[in-house]
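The values are calculated or read from the model by the stated rules, or taken from the named source; none is laboratory data. Everything numeric in this text was worked out from a predicted model, so none of it was measured. Every residue, glycine among them, receives a Cβ derived from its backbone with ideal geometry; neighbour counts consider all protein chains shown.
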Amino acid sequence: MELLTETPVPEEARAVKQEAHEFAQEYVAPNAAEYHERGEYPWEVLEAGMDAGLVAQDVSEEYGGRDFSLAETLAISEEFFRADAGIGLTLQLASFGTEILQQNGTEEQKEQYLRPVGENEMLTGMAVSEPETGSNLAGMQTTATKDGDEWVIDGEKYWIGNAVEADWLTVYAKTSDGEDRYGNYSLFIVPTDTDGYEAEHIPEKIGFCASKQGHIVFDDCRVPEANLIGVEGAGFYMLAEFFNYGRIAVGGHGVGLAAAAIEEAWDFVHDRESFGRTVNEFQSVQHELADMRTEFEAARSLVWRAAEHVSSGDHPGFWAAMAKVKATETARECAEKGMQLHGGRSVLSDRRISRVYRDVRIPVIYEGVNEVQRNLIYRQTPT
């Protein structure tokens, strides 16, 4: 069964899609169960992805990357996450947030920080979420205070990809207390070897075990004034634009996971016998599979349509939020149905469907929980 067909993928993204498919089949899928069980960072797979030209290549060619378009990034997301969500996220987090630096940074910043990521010499990440704040971008409490020619950062960040592994992070911090709460935040480049930066892994996650998130404490963490990205007070707006693109990629995460759930369920019911016949012969099972496939196709079509709208700047927030909600919730529903169709075997930890079931709980939360996405869909609906 091949669910991730070329049909909705634009011509210019199909070659990269094929590269990602071949890489995922050779390096990701065969190692997925082992890394999930061990819970270790998949350095070997990451390095293979770098060698294959599929990691951090959304960076422009000018700074060492391949200048992947949103469509190419989406095509890769689908393929990687069908093979394994944890490894897939690790591969895509290697350059997370660099689009902001590429669009808003100075030439000096790009040469010092962006180019090494595009050339696979550095890893990066983005530090936004906090322990008590969730998806409220205008409520983050980490501060950056000007002191001479330095910015002093104090506070905590949580659920930060590559918090331990990265060479530098894009950090979102409060820089003022003005009446316009959306204008109170700025973005900074923070090398992870800076004094006052301390990070540790968040242990014992139920899913995405091959992807590492961390808890960061900033304590009198000083960075040069030159590490401010763009202008002071523009952080919220830069981040909101960035998340429109990120939520399309998350739509791909959901599509890939849904495909994995359907494939596992399909193969199982066609091989398993019950009451003297294969399970797929029962009409109720056929209906479940029909519903899964229908929802999958609807979600995938919406995600690819949304990618076109975001790329063209046509109500990007509205389309990105819809894509994220539909794809991630379809993945969750397909995984639940897949578990039911597997019966008692679904709870065995070595079953792929069990791993997918645990993984699908996470994309409905990151890049803004789906409850917040519904607010955005309503408020930004074109009229």
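Within the range 333-350, identify whether any single residue is hydroxyl-bearing (Ser, Thr, Tyr) and under 26 Å from Ala290 (Cα atoms), and answer yes or no.
yes
Within the range 121-139, take every residue that is of a type outside the set (A, V, I, L, M) and in contact with a Gly (Cβ under 8 Å, 6 or more places away or on another chain) and give me the one that is nearest to Glu371 (Cα to Cα).
Out of the qualifying residues, it is Ser135.
With the condition kept exactly as written, say whether any residue in the range 215-226 is out of contact with any Ser or Thr (no Cβ under 7 Å at 6 or more places or on another chain) and modelled with pLDDT under 95.
Within the range 215-226 (the criterion being out of contact with any Ser or Thr (no Cβ under 7 Å at 6 or more places or on another chain) and modelled with pLDDT under 95), the answer is no, since none of the residues qualifies.
Tell me, please, whether a residue that is on the phi < 0 side of the Ramachandran plot, surrounded by fewer than 24 Cβ atoms within 10 Å (Cβ to Cβ) and among the polar types (S, T, N, Q) can be found in the range 107-128.
Scanning the range 107-128 turns up at least one residue that is on the phi < 0 side of the Ramachandran plot, surrounded by fewer than 24 Cβ atoms within 10 Å (Cβ to Cβ) and among the polar types (S, T, N, Q).
Would you please name the residue that is surrounded by the most Cβ atoms within 10 Å (Cβ to Cβ), looking only at residues in the range 195-211 that are in contact with a strand residue (DSSP E or B) (Cβ under 6 Å, 6 or more places away or on another chain) and at pLDDT 95 or above?
Ranking the candidates gives Tyr197 first.
Considering only residues that are acidic (Asp, Glu) and either closer than 22 Å to Glu121 by Cα or touching a Leu at 6+ places or on another chain (Cβ under 8 Å) (or both), look in the range 154-194 and name the one that is surrounded by the fewest Cβ atoms within 10 Å (Cβ to Cβ).
Here the answer is Asp193.
Which number in (1) modelled with pLDDT under 95; (2) within 30 Å of Ser349 (Cα to Cα) marks the one condition that Glu241 misses?
Going through (1) modelled with pLDDT under 95; (2) within 30 Å of Ser349 (Cα to Cα) one by one, Glu241 breaks only (2).
Going by the structure shown, is Val250 surrounded by 15 or more Cβ atoms within 10 Å (Cβ to Cβ) and either among the aromatic types (Phe, Trp, Tyr) or part of a strand (DSSP E or B) (or both)?
Against the criterion (surrounded by 15 or more Cβ atoms within 10 Å (Cβ to Cβ) and either among the aromatic types (Phe, Trp, Tyr) or part of a strand (DSSP E or B) (or both)), Val250 does not qualify.
So Trp168 clears everything in (1) without any contact (Cβ under 8 Å) to a residue 60 or more places away in the chain; (2) closer than 14 Å to Gly235 by Cβ except one condition, right? Which one?
Against the list (1) without any contact (Cβ under 8 Å) to a residue 60 or more places away in the chain; (2) closer than 14 Å to Gly235 by Cβ, Trp168 comes up short only on (2).
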